[in-house]
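J.: Below is a structure I'd like to ask you about.
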Amino acid sequence: MSKSRLAIHGGAPVRAQYLPYGQQIIDEEDIKAVVKVLQSDFLTGGPAIEQFESEIAAFTGAKYAVAFSSGTAALHGACYAAGIGGGDEVITTPMTFAASSNCVLYQGGKPVFVDIDPLTYNLNPKLVQASITPNTKAIIPVHFTGQPAELDEIMQIAREHNLIVIEDAAHALGATYKNRSIGAIGDMTMFSFHPVKHITTGEGGMITTNNPVYYEKLLQFRTHGITRDQSRLRDNHGPWYYEMQFLGFNYRITDIQTSLGTSQLRKIGSFIEKRKQLAELYIRELGAIQEIILPHQLPYVESSWHLFIVKLQLSKLNATRRLIFQALQKENIGVNVHYIPTYLHPYYESLGFQKGICPVAESCYEEFITLPLFAGMDQEDVMDVVAAVKKVISHYSNQ
Ligand SMILES: *Cc1c(COP(=O)(O)O)cnc(C)c1O
């Protein structure tokens with residue numbers, strides 16, 4: 001296989017059919033659950049939302065859960081509940097999707113990008129410590145690829161400096177840190193239910209928390225800042241009365257979506273187990289390739305394996321990352337790149353962020369390639385990816 005002509009040079013691709021990097025699994029049970037809601041009295045604001053919230057709370061071990069229309073909306077809610085406002089600095093990683101720091105900007109706060117650890121690609125706690133100022137209000141660690149960040153260190157720094165920790169666990173539903181579930185460790189934790197994540201509601205997100213004050217704020221923020229809670233009303237004109245007490249948003253999720261979420265959650269164990277098995281197969285099959293570095297796993301965490309990222313050793317290759325990427329695409333392997341460091345985006349540049357802030361993240365970005373990984377793949381799909389990686393890498397190797 002490795003001797004055959006690359007598809008990018010006109011050879012036959014390893015796969016006849018394109019393999020995406022991620023994809024949802026929807027089965028008959030999911031469809032039935034959604035149809036049942038469509039035939040019921042409530043499309044939104046009904047019982048399916050609270051059911052999904054209580055099942056996510058139970059799954060993560062958190063006391064409270066508040067569902068939102070997206071993970072991004074959930075992060076915005078968490079930043080509101082944390083009291084982040086004008087002039088507040090919030091420490092986060094640039095090796096993530098833009099939402100992890102956009103939520104700070106929505107509240108008028110200032111994201112402070114701190115570099116990642118070169119092995120785990122997660123926020124480097126030593127650099128977090130060094131970046132704290134009197135204006136620091138919160139830390140938003142991201143559990144990159146599903147491997148939990150160094151939460152003990154981060155929580156300790158946060159307690160010492162009176163900071164709020166909001167975990168971006170969009171990649172990490174079902175992951176554990178020192179045998180503790182992600183979702184009940186930091187002050188608030190965000191999950192996303194976008195279709196490439198572990199379970200889906202189409203669009204959707206959740207904040208879990210053990211803090212009743214945050215819980216009430218999140219509920220109210222989700223629906224315009226409105227409350228009907230008698231004990232918290234300033235006035236009371238009658239039984240119809242409600243009050244808008246602060247500026248919130250319509251960030252509600254629907255019963256249609258959350259019924260799908262609850263049905264999907266029943267399968268989370270098998271979804272994660274499958275991702276783990278496929279990741280282990282990748283590690284076994286790609287381990288001997290000198291030109292790539294496989295993801296490093298800490299011994300005291302269990303990743304939920306949202307993404308499988310390999311790092312190219314470009315000094316051992318007569319090719320750029322762009323060429324390797326294009327060659328793999330031509331072999332019908334849906335490789336991707338996660339992520340462009342957030343502050344390199346033009347909007348962030350317009351805010352004054354400049355290249356060079358986080359050199360480790362920038363160099364990782366130059367070398368990363370995400371291989372396909374989702375629960376609907378089988379071992380043959382992994383072996384196709386492995387064959388394509390071997391074919392392309394051996395072609396361009398200078399070893
Ligand atoms: C998916 C994702 C989000 C945002 O979630 P949405 O549900 O798409 O709004 C935030 N952070 C990270 C790291 C993500 O992967």
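J.: Within the set of pairs 6 or more residues apart or between chains, which connect a residue that is closer than 17 Å to residue 298 by Cα and of a type in the set (D, E, K, R) inside region 158-185 to a residue that is more than 16 Å from the ligand (Cβ to nearest atom) and open to solvent by 10 Å² or more (accessible area, probe 1.4 Å) with Cβ atoms less than 6 Å apart?
T.: Short answer, once both residue conditions are applied: 178/300.
J.: Here's another thing I want to ask about it. Restricting attention to region 38-52, report how many residues are over 18 Å from residue 68 (Cβ atoms) and either in a helix (DSSP H, G or I) or within 28 Å of the chain's Cα centre (by Cα) (or both).
T.: Residues in region 38-52 being over 18 Å from residue 68 (Cβ atoms) and either in a helix (DSSP H, G or I) or within 28 Å of the chain's Cα centre (by Cα) (or both): 1 in total.
J.: Being open to solvent by less than 20 Å² (accessible area, probe 1.4 Å) and touching a residue at least 40 places away in the same chain (Cβ under 8 Å) is the requirement here; does residue 148 meet it?
T.: On the way: open to solvent by less than 20 Å² (accessible area, probe 1.4 Å): yes; touching a residue at least 40 places away in the same chain (Cβ under 8 Å): yes.
For residue 148, the condition - open to solvent by less than 20 Å² (accessible area, probe 1.4 Å) and touching a residue at least 40 places away in the same chain (Cβ under 8 Å) - is met.
J.: Please go through region 229-252 and give me each residue that is open to solvent by less than 40 Å² (accessible area, probe 1.4 Å) and either on the phi > 0 side of the Ramachandran plot or not in a loop (DSSP other than H, G, I, E, B) (or both), ordered by number.
T.: 238, 243
J.: Please determine, by comparing only the residues of region 84-108 that are more than 10 Å from the ligand (Cβ to nearest atom) and more than 10 Å from residue 138 (Cα to Cα), which one is surrounded by the fewest Cβ atoms within 10 Å (Cβ to Cβ).
T.: That would be 86.
J.: Which one is least open to solvent (accessible area, probe 1.4 Å), of the residues in region 134-145 that are polar (S, T, N, Q) and in contact with an Asp or Glu (Cβ under 6 Å, 6 or more places away or on another chain)?
T.: Of everything passing the filter in region 134-145, 136 is least open to solvent (accessible area, probe 1.4 Å).
J.: Which residues, taken from region 260-293, are open to solvent by less than 40 Å² (accessible area, probe 1.4 Å) and not in a helix (DSSP H, G or I)? Outline the logic, then answer.
T.: Residues of region 260-293 that are open to solvent by less than 40 Å² (accessible area, probe 1.4 Å), as a first pass: 260-265, 267-268, 271-272, 275, 278-279, 281-282, 286, 289, 291-292.
Of everything in region 260-293, those that are open to solvent by less than 40 Å² (accessible area, probe 1.4 Å) and not in a helix (DSSP H, G or I) turn out to be 267, 289, 291, 292.
J.: Could you list, in sequence order, the residues of region 317-336 that are in contact (Cβ under 8 Å) with a residue 12 or more places away in the chain, closer than 12 Å to residue 367 by Cα and surrounded by fewer than 17 Cβ atoms within 10 Å (Cβ to Cβ)?
T.: Scanning region 317-336 gives a single hit, 323.
The values are calculated or read from the model by the stated rules, or taken from the named source; none is laboratory data. Remember, predicted model here, so these are calculated numbers, not experimental data. In this analysis, Cβ positions are derived from the backbone assuming ideal geometry, glycine residues included, and neighbour counts consider all displayed protein chains. Calculation scope for accessible area: heavy atoms of the full protein, side chains included, ligands and nucleic acids excluded. Shrake-Rupley method; radii C 1.70, N 1.55, O 1.52, S 1.80 Å.
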